[in-house]
Amino acid sequence: MKKRSSAELSEEGQTEAGRAKERTDTTLSDASMVEQLNRQLELYELIFNSIHNGAMVTDASGYVTHFNRPYGRFLGINPADQIGRHCTEVLENTRMHIVAQTGKPEINRTHEVEGQNMVVQRIPILKNGEIIAVFGQVMFKDVRDVHKLAKEFTLLESKVQYYEEELLNLRATRYTLDSIIGKSDVIADLKREALRAASSRSPVLISGESGTGKELFAQAIHQAGDRKLYPFVRINCAAIPKDLLESELFGYEKGAFTGAHPEGKPGKFELAHRGTIFLDEIGDLPMQMQPKLLRVLEDKSFERVGGNHVIHSDFRLITATNQPLEEMLEQGGFRKDLFYRLNVIRLHIPPMRDRREDIMELSSHLLDQLAREADLPMPAIDAEAHRALINYHWPGNVRELSNALERSLASMEGEIIRLTDLPFHIYRKGSQSLAEKPASIRDVQHKAEREAIVYALKASGYNKSLAARKLGIHRTLLYKKMKKYDLSPKPD
């Protein structure tokens, strides 16, 4: 074995000493990193527990991973005890687990806890495109704090409240020209006129019987125009008391009258800025309001009730009526100057009895909607029922048709609407020939009564008690009338 020199031994010792130093430096470096990480974690924990109004974090399954002390104090619970519990066990009405499922953040939402409305936000936390947690934070412990800080946004708040109420009242939030169903020439012409009206800023007056779809046309014109991104504000002139109509149209300042909102309220014309205001049943507008409306249409400016500040609003006006305004002019029930201001573009929607070729297409469209809402398969309509629907005169127009089909859908057996499934007045009148004329009122009454009894008996499976209830008479009277019309107590 070769003996190593002293120089070689010295070099080897230095190398080993260097390695030892490197190991020591690495150990010190690791310890420093651990200490630094601990300081960061401590800082993050201090920050989380310093979020003033409370905060909570859940994992992707909705189980609580973090719960800060301010939230625990606010709810009167121990934060540490909530870790590992599902969020629905910790907080009533929570939606943290729902946000984890949808991945959609919820910002500035109201959240009721123990009868108190708070404002919260829920934000999904993603890693590599996947949701790993949800962060929830209380922004305001009391909704009233929001109003104190944002009084200048009263108008915006009123708009949101208005549209929330409208969404609850309407089946469909938007109607377009494609929503107008019908293959008749008159409907095709009306849709072309509506499209031309949409490109104009002139007032539109829509006339037609109740239930013909005047608001549908109004919304379609709005949606087809350049104002579609702005509000469509509807007001029924016949549904609001006369003494409240002015404040509804023009708004009011705080303290304007007893019961007024303490912050005041913007009117419909103010809310419709850059959008469209639809005044339904304009024929019912009180005479004392007509000159005020005319002035607003001419100036596009007004004052709130109890105010002295002039408000300008850029709105497009559409009105509708089921009354003969021309006749009202002659009788002094409507101002001529206002009529001429409204009647720039005129659309008249004919009743269903004048466009019978649209009835079945409308029926199919409405049935499809009703069936989907009821989670039922789309039913068919047999030939006799089809003929009855075509022959009936439909005084209530599309609204009555929708009601009749909904009732038929609820009473039918199987997947076909038959003649006897239709409401009795349609079944009786619609199944007659349009040219048929009764001999006398007594004959009509007797025939109608007999048909009503037959219909009720069939519909109740010849159960006399049930049939009497359907007819709204006592069972004894039913037996007398069956004897009068020589009706068998059992099916033939």
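The values are calculated or read from the model by the stated rules, or taken from the named source; none is laboratory data. Nothing here was measured: the structure is a model prediction, and the numbers come from that model. Glycine also receives a Cβ, built like all others from the backbone with ideal geometry; neighbour counts cover every protein chain displayed. To get the accessible areas, we keep the full protein, side chains included, count just its heavy atoms, and leave off ligands, DNA and RNA. Shrake-Rupley method; radii C 1.70, N 1.55, O 1.52, S 1.80 Å.
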Alpha-carbon Rg/Rh ratio, for region 170-311, with Rh computed the Kirkwood way: 1.01
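Roll a 1.4 angstrom probe over the protein heavy atoms and tell me the percent of accessible area of region 214-313 that is carbon or sulfur.
Details: 2180 of 4490 Å².
Heavy-atom surface of region 214-313 belonging to carbon and sulfur, 1.4 Å probe: 49 percent.
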Mind checking the full-extension length gain between GLU298 and HIS474? Use 0.36 nm per residue of separation minus the Cα-Cα distance, one decimal, nm. 57.1 nm
To the nearest 0.05, what FRET efficiency results for ARG174 and ASP486 with a Förster distance of 45 Å applied to their C-beta separation? 0.20
About its Cα centre, region 242-319 carries a charge dipole, from +1 on Lys and Arg Cβ atoms and -1 on Asp and Glu Cβ atoms, whose size in debye to the nearest 20 is 160 debye
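Go ahead and run the numbers for FRET between ASN343 and GLU415, Cβ-Cβ distance against an R0 of 56 Å, rounding to 0.05.
Values: r = 48 Å, r/R0 = 0.85.
It comes out at approximately 0.70.
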What is the distance, in nm, between label points placed 7 Å from the Cα along the Cα-to-Cβ direction at PHE257 and at ALA60? 5.8 nm
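What is the percent of Cα-Cα separations in region 299-381 that go past 20 Å?
Working: 2207 of 3403 pairs.
Beyond 20 Å sits 65 percent of the P(r) for region 299-381.
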Filter LYS214/LYS268; LYS214/LYS300; LYS191/LYS300; LYS214/LYS470; LYS265/LYS292 down to the pairs with a C-alpha to C-alpha distance above 30 Å, please. LYS214/LYS470
Run the numbers for ILE47 and ILE132: contour at 0.36 nm per residue of separation, minus the present Cα-Cα distance, in nm. 28.5 nm
Assuming 1.002 mPa s and 20 °C, estimate D for region 322-421 with Stokes-Einstein, Rh taken as the Kirkwood radius over Cα pairs, in µm²/s. 135 µm²/s
Rounded to two decimals, what is the ratio between the C-alpha radius of gyration of region 282-344 and 2.2 N^0.38 Å? 1.21
Dimensions of region 50-122 along principal axes (Cα, Å, largest first)? 30, 26, 22
How would you rank 300-307, 386-393, highest first, on the average number of other Cβ atoms within 10 Å across their residues? 386-393, 300-307
